[in-house]
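Worksheet for the structure shown next.
Read-outs: derived from the displayed coordinates by stated rules, not from any lab. This is a predicted model, so every value here is computed, not measured. Reconstructed Cβ throughout: ideal geometry from the backbone, glycine too, with neighbour counts over all protein chains shown.
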Amino acid sequence: MRVNCVGAIVVDAQGRILLVQRGHAPGAGLWSIPGGRVEPHETDAAALRREVLEETGLHVAVGALAGAVERPGPGGVTYEIRDYLATVTGGVPSAGDDAADVRWCSREDAEGLPLTEGLLEALTEWRAWP
């Protein structure tokens, strides 16, 4: 079974990327970019805005597609993840929904965190960090 998902690459004025610590499976305790499943009635942009708001308390404008990956999930599921650039338009970052924590991270900060598999490589390949 394939599951459509989106992720937000949100970069601040200092060139840091917004990361969330997952509070639930899959990946509980690991750090990743905010995102999640696209509901059947949603566009990628609508799902991205909803997921970022639920997980971080931030409103975002959705930009260009940065890249896409496939990741295995539990029970034979394959997550098809499309990651988009996004810009904060309002709100104050705070962990919500299934996020245990939220923080802005430089590449060096991220290298010291337990990240979801392939995240650092994908963000590097897509030149997400300035």
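Among beta bridges from DSSP that stay inside the chain, the antiparallel ones total about 70%.
Between the amide H of L113 and any residue lying 5 or more places away or on another chain, no distance stays under 5 Å, with hydrogens modeled in the peptide plane. Less than 5 angstrom separates the built amide H of V60 from those of T89, all sequence-distant by 5 or more or on a different chain.
Shape class for segment 62-130: rounded, because the ratio a/c of the largest to smallest gyration tensor axis (alpha-carbon atoms, square roots of eigenvalues) is under 1.5. Normalising the average separation of contacting C-alpha pairs (under 8 angstrom, six or more residues apart) by the number of residues puts the relative contact order of segment 2-125 at 33 percent. With a cap of 12 neighbouring Cβ atoms within 10 Å, and only residues DSSP puts in a loop, list the trypsin sites (Lys or Arg not before Pro) found in segment 44-105. Loop-located and lightly packed - none at all. For segment 45-68 versus segment 11-36, the spacing of their alpha-carbon centroids is 12 Å.
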